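So the structure is just underneath, and the comments pick up after that.
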Amino acid sequence: MKKIEFNLTPARTIAISFICVIALGTIILMMPFSSRDGSFTPFVNALFIAVSSTCVTGLSVYDTFSHWSTVGQVVILILIQIGGLGFMTLMTMLSMFLHQKIGLGKRKILMQSAGNLTLSGIGSLIKRIVFGTVIFEVLGAVLLATQLIPATGSVGRGIYFSVFHSVSAFCNAGFDLMGYFEPSSSLTLFGNNVVVNLTIMMLIITGGIGFIVWSDIAKFGIHLKKYSLHSKIVLSATCILVFGGAGLFLLFEYNHAFADMTFAQKVMYAFFQSVTTRTAGFNTFDLTTLSESGNILTNLLMFIGGSPGSTAGGIKTTTFALLLLACVASSKNDRSVRVFRYRIEENTVREASSIAFIYLMMAIISCLIICTIEPFGIKEIMFEVISAIGTVGLTLGITPLLTTASKLILALLMFAGRIGGLTFILTLSEREKQIPIERPVGKILIG
C-alpha cells in the first residue's frame with residue numbers, strides 16, 4: 001500500500017498546531033470539573049477562552065477566578081504558556097531532551113515560529129528561549145509573591161497567584177485572578193503598588209521584545225553596536241513607543257482618568273498603560289474613564305503591538321518602524337529604505353505593508369459586521385476588535401455581553417493575530433509550487 005504523505009508548509013503546520021491545542025483546551029474547559037460550580041461551560045464560551053488563552057490575548061467572557069475551578073485555572077495557565085512559547089518550540093525541546101535530531105523541515109517551521117532569521121543555531125535558540133522564560137517567570141513570581149502573599153493572607157495562595165500572574169504577564173496574556181478580591185478588577189486594586197507595577201511591566205517588556213533580541217543581549221551585553229539590525233530596530237522602536245506613549249497618556253489623561261492622582265502616581269499609571277496596551281491586557285484603572293484622545297492612543301498602541309518572535313501580537317514594532325522609514329524615504333524620493341547604515345530589502349518593505357494592510361482590513365471588516373449585530377457604539381466595538389487582533393485583551397467591558405457570532409469573529413481575530421496576519425493568509429492560500437509568470441508593466445497614478 002502506498003504511504004500517504006502530508007507535506008504541510010511551515011505556515012500551515014504552525015496554524016494546525018495552535019488549532020490542536022485550542023481544540024483540546026476547549027474540551028477540557030467545557031467539563032464540569034473545570035468550573036467552580038461544577039456545571040458544563042457552553043461550547044462557544046469554552047472555545048473563546050481556549051482561543052484567548054492559547055493566543056495569549058486575555059479577552060474573557062468570565063471572571064477567571066470566579067468562574068473557573070483550580071483545575072480550569074491551571075488549564076488556562078498551561079494554554080497561556082504553550083501559546084506564549086509556541087507549541088513547536090515545546091515539542092522541539094522535548095525532542096532535544098530525548099536526543100532526537102531536528103530535521104530540516106522542522107527547522108524551517110521553528111525558524112518561522114520562533115522568529116529566527118536563519119536555519120542555523122535553532123537548537124541553541126530553543127534552549128535559550130526555554131531557559132530564559134523559566135528564569136524571568138521565576139524572578140517575576142518571587143517579586144510578586146512579596147506583595148501577593150500579604151495581600152491574600154495565605155502563603156500557598158500568594159505563591160499560586162504570583163506564578164499565575166508572572167506567566168500571564170511574561171506571555172503578554174493579561175489573564176488574572178484578581179477576582180479573588182473583586183470580580184473583573186484586573187490590577188486596579190494594585191494601581192499604586194510600585195513593586196507589582198514595575199514587575200508586571202518588566203515581564204511584559206521582556207516577553208515582548210522577542211527571542212532574537214534576548215540572544216543579542218546575552219551575547220553582547222551593553223555593546224549595542226554589535227547587535228543585529230533587527231535588535232537595534234526593536235529596541236529603538238520599543239523605547240520610543242514606551243516613553244512616547246507614556247508621555248502622551250500623561251498629557252491626555254492628566255485632568256481626565258488621572259485627575260485625582262498625585263503627579264508620581266500619574267507618571268506610574270501612564271507608563272503602565274503605555275506598556276500594557278502593547279498586547280499585555282492588564283489595566284490598573286477603569287478604562288471607560290479614558291479621554292477620547294487616550295482611547296485613540298490605546299487603539300494605536302494595541303494595533304502596533306510587540307516585536308517579532310516574541311509572546312506579543314500586533315503588526316509588530318519592526319513593521320511599524322519600516323512603514324515610517326518607507327514614508328520618509330518616499331518623501332525624499334529615495335528608492336531605498338535605510339536605517340543604521342543598512343539598506344532594507346524591497347521585499348521586506350512590501351511584506352511590512354502587506355501585514356499592516358491585512359490587519360487593518362480584518363479590523364475594519366470585523367467592525368462592520370459586529371456593528372450590525374451588537375447594540376454597542378463604534379468606540380466600544382473598535383476597541384474590542386483591535387484588542388482581539390492585537391492579542392491585547394483590554395476591553396471596555398462588553399466582552400461578556402457579546403452574541404455568539406461576535407465571539408466567534410473575535411476568536412478568529414485572536415487566532416489570526418497570534419500566528420500573524422501574513423501567516424494566517426498564507427495558511428489559507430499558500431501553494432507548494434508556483435509557476436513564475438512575468439506580466440507586462442502597467443502604470444497608474446497614486447496619491
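The values are calculated or read from the model by the stated rules, or taken from the named source; none is laboratory data. Bear in mind that the values here come from a model prediction, so they are computed numbers and not experimental data. Note: ideal-geometry Cβ built from the backbone for every residue, glycine included; neighbour counts use all protein chains shown.
So which residues in region 171-183 are more than 14 Å from G393 (Cα to Cα) and either touching a strand residue (DSSP E or B) at 6+ places or on another chain (Cβ under 8 Å) or touching a residue at least 12 places away in the same chain (Cβ under 8 Å) (or both)?
Passing the criteria: L177, M178, G179, Y180, F181, P183.
When you go through I373, I355, I378 one by one, which is the residue that is under 26 Å from A23 (Cβ atoms) and at pLDDT 85 or above?
It is I373.
More than 22 Å from E137 (Cβ to Cβ), out of contact with any Pro (no Cβ under 7 Å at 6 or more places or on another chain) and surrounded by fewer than 18 Cβ atoms within 10 Å (Cβ to Cβ): which single residue out of A270, A246, A264, A257 fits that description?
Checking each option against the conditions leaves just A264.
Confirm whether A363 is crowded, with 20+ Cβ neighbours inside 10 Å, touching a residue at least 24 places away in the same chain (Cβ under 8 Å) and in contact with a helix residue (DSSP H, G or I) (Cβ under 6 Å, 6 or more places away or on another chain).
In short, yes.
Quick test of your reading of the structure: E432 fulfils all but one of (1) part of a helix (DSSP H, G or I); (2) modelled with pLDDT under 65; (3) acidic (D, E). Name the failing condition by number.
Of (1) part of a helix (DSSP H, G or I); (2) modelled with pLDDT under 65; (3) acidic (D, E), only one is false for E432: (1).
When you look at I381, is it farther than 29 Å from G174 by Cα and surrounded by 14 or more Cβ atoms within 10 Å (Cβ to Cβ), yes or no?
So I381 does not fit the description; no.
What's the total number of residues in region 273-290 that are in contact with a Leu (Cβ under 8 Å, 6 or more places away or on another chain) and either surrounded by 23 or more Cβ atoms within 10 Å (Cβ to Cβ) or not in a helix (DSSP H, G or I) (or both)?
Adding up the residues that qualify gives 8.
Give the residues of region 187-215 that are free of Cβ contacts under 8 Å to residues at least 60 places away in the same chain and buried (at least 22 other Cβ atoms within 10 Å of the Cβ), sorted by residue number. Reasoning before the result, please.
Initially, region 187-215 is screened for residues free of Cβ contacts under 8 Å to residues at least 60 places away in the same chain, giving 189, 193, 195-196, 198-199.
Passing the criteria: V196, T199.
Here's a check for you: in region 169-199, which residue that is among the polar types (S, T, N, Q) and in a loop (DSSP other than H, G, I, E, B) is nearest to A264 (Cα to Cα)?
So the residue we want is N192.
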